[in-house]
Amino acid sequence: NSIWWLYKNAPTGWLIRSLPWFVTLHAAICLRHLRRGNGKVLWRLYRDAWRGVPRLAAKRRRIADSRCVTVQSIRDWIEPRFYERDYVKRAWNEL
């Protein structure tokens, strides 16, 4: 869901700037699931997520064209709230 949300809704500049953060978080997600023996589930999750991205392209364009809030206000709201508080710390502790 977070991959689809990012692709569909995130302003391009913000997405590019935040990409290292999201790659790091998803790498941690992968490590956690692999450690738990959920490799097949993880594979299907990312396979299905990436398969769905092309059909979101039209939705992304429609959302971008109709956006009525500033990119700054999106950034101010999303960055502190995108993941649960202490998510990375808890995920690390589970490893």
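The values are calculated or read from the model by the stated rules, or taken from the named source; none is laboratory data. What you see is a predicted model; the values in this text were computed from it and never measured. We place every Cβ from the backbone using ideal geometry, glycine too, and count neighbours over all the protein chains shown. To get the accessible areas, we keep the full protein, side chains included, count just its heavy atoms, and leave off ligands, DNA and RNA. Shrake-Rupley method; radii C 1.70, N 1.55, O 1.52, S 1.80 Å.
This table checks each residue for (1) open to solvent by less than 60 Å² (accessible area, probe 1.4 Å); (2) over 18 Å from S2 (Cβ atoms); (3) out of contact with any Pro (no Cβ under 9 Å at 6 or more places or on another chain); (4) modelled with pLDDT of 80 or more.
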residue	(1), (2), (3), (4)
R32	yes, no, yes, yes
D48	no, no, yes, yes
P80	no, no, yes, no
R85	no, no, yes, no
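Within region 19-37, is there a residue that is part of a helix (DSSP H, G or I), without any contact (Cβ under 8 Å) to a residue 24 or more places away in the chain and more than 14 Å from the chain's Cα centre (by Cα)?
Yes, there is a match, as at least one residue in region 19-37 is part of a helix (DSSP H, G or I), without any contact (Cβ under 8 Å) to a residue 24 or more places away in the chain and more than 14 Å from the chain's Cα centre (by Cα).
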